[in-house]
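Beneath this line is the structure, given in structure tokens, with notes to follow.
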Amino acid sequence: MSRHSPALTVMIAAARKAARGLQRDFGEVENLQVSLKGPGDFVSNADRKAEKILFEELSKARPGYGFLMEESGTVEGPDKSHRWIIDPLDGTTNFLHGIPMFAISIGLERDGQIVAALVYNPVTDEMFVAEKGGGAFLNDRRIRVASRRDLAQSVVCCGIPHLGRPGHRGFLTELSAVMNEVSGVRRTGSAALDLAYVAAGRFDAYWEAALSAWDIAAGILLVREAGGFVSDIDGSDRMLTTGNIIAGNDQLRSQLEKLLKKARREG
Ligand code: IPD
Ligand code: CA
Ligand code: CA
């Protein structure tokens, strides 16, 4: 752990503390009080409790930094150059269904750039971290994106819009284009873990539309520091604003971009 910067050390400590509550609540998932936020989009007490711990711990360690959080929104700080971007529980639907595929996601933005990233799955105890220029790690082991260059041998992960979300038809057009070219398509239900898995070479590539900054801020840095490439589906660098994302190694990302653009044109 010693090679981590003080900022990353603070993030790891905060995530481990928040994770203890998530682990307890996951164990009692059946008894959890759940309130309806919107169709198909539940927010549990667990989200809010975890976010509160992350907010308290990070504020204590770095007074003045701003926050962008899924549950509480924006909290401005006097330090305008630093901001934490947090999803306290990415994969809520999995969590509520007892599926052990969810994560805490924390990105640290400095002057508009993500400089430190953490994605932590408390059930598998897998801690993915990265710092700008310092590489990406899974539980202290260096990770790299997969080196496959051929879509036909690749496992590609995606997000599927659900009830109450836009883009159902567009997604089906994209899926039918992609599934004809690849060895397998997967959908996990956690965008943060999807990107972490691309960084670790488990998935060869990933695409999804209509995400929020907190779903992907940390994952983007993980993929880049693992030697991968990330862009918007139009090829630009505006993923945090548009919420559309393609990730993979250089070759696969650009092949996927071409395929998705063609599908969009023809769909
Ligand atoms: C969701 C997950 C999911 C993605 C959704 C997100 P949440 O976040 O990342 O994989 O497809 O679009 O909203 O609601 O579980 O934090
Ligand atoms: Ca999320
Ligand atoms: Ca969430």
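Structure values in brief
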| quantity | calculated |
| --- | --- |
| Phi to ³J(HN,Hα) by Karplus 6.51 cos²θ - 1.76 cosθ + 1.60 over the stretch 159-171, Hz, x for Gly, Pro | x, 10, x, 10, 3, x, 9, x, x, 5, 5, x, 5 |
| Accessible surface, the chain, averaged per residue in Å² (probe 1.4 Å) | 45 Å² |
| Placed amide H near residue 126: partners under 5 Å, 5+ positions off or other chain | 121 |
| Mean Cβ count within 10 Å, highest first, over the residues of peptides 179-192, 240-253 | 240-253, 179-192 |
| Links that overshoot a 19 Å alpha carbon limit, given the list 60/80; 60/132; 17/52 | 60/132 |
| Amide N of the stretch 245-267 lying under 16 Å from the label point, which is placed 7 angstrom from the Cα of residue 185 along Cα→Cβ | 245-247, 256-267 |
| Fluctuation leader among 163, 118, 172 - the chain, Gaussian network, Cα springs under 10 angstrom | 163 |
| Sulfur and carbon atoms: percent of accessible area, the chain [1.4 Å] | 50 percent |
| Nearest-ten-degree value, helix 45-61 long axis tilted from longest Cα axis of the chain | 70 degrees |
| Karplus-derived 3J(HN,Hα), 6.51/-1.76/1.60, for each residue of the stretch 20-28, Hz, glycine and proline x | 4, x, 4, 4, 4, 5, 5, x, 10 |
| Segment residue 52-residue 265, extension gain: residue separation times 0.36 nm, minus the distance between their alpha carbons | 72.3 nm |
| Only Lys, Arg (+1) and Asp, Glu (-1) charged, at Cβ; the chain dipole about Cα centre in debye | 400 debye |
| Listed residue (162, 113, 189) projecting farthest to the positive dipole end of the chain, Cβ model | 113 |
| Alpha-carbon centroid distance for the pair the stretch 1-28 / the stretch 161-184, whole angstrom | 34 Å |
| Length released on extending from residue 17 to residue 152, taking residue separation times 0.36 nm less the Cα-Cα span | 44.4 nm |
| 3J(HN,Hα) from dihedral phi, the stretch 226-233, Karplus parametrisation 6.51/-1.76/1.60, rounded to Hz, x for glycine, proline | 8, x, x, 10, 9, 8, 6, 5 |
| Cα-derived Rg over Rh, computed across the chain with Rh taken as Kirkwood radius | 0.96 |
| FRET efficiency estimate (nearest 0.05) - Cβ-Cβ, residue 139 to residue 45, R0 30 angstrom | 0.60 |
| Only Lys, Arg (+1) and Asp, Glu (-1) charged, at Cβ; the stretch 6-142 dipole about Cα centre in debye | 380 debye |
| Relative contact order (%) - criterion: Cα under 8 Å, at least six apart; region: the chain | 16 percent |
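The values are calculated or read from the model by the stated rules, or taken from the named source; none is laboratory data. These numbers were taken from a predicted model, which means no experiment stands behind them. Virtual Cβ from ideal backbone geometry, glycine too; neighbours counted across all protein chains shown. Just the protein is used for accessible areas: all its heavy atoms, side chains included, with ligands, DNA and RNA removed. Shrake-Rupley method; radii C 1.70, N 1.55, O 1.52, S 1.80 Å.
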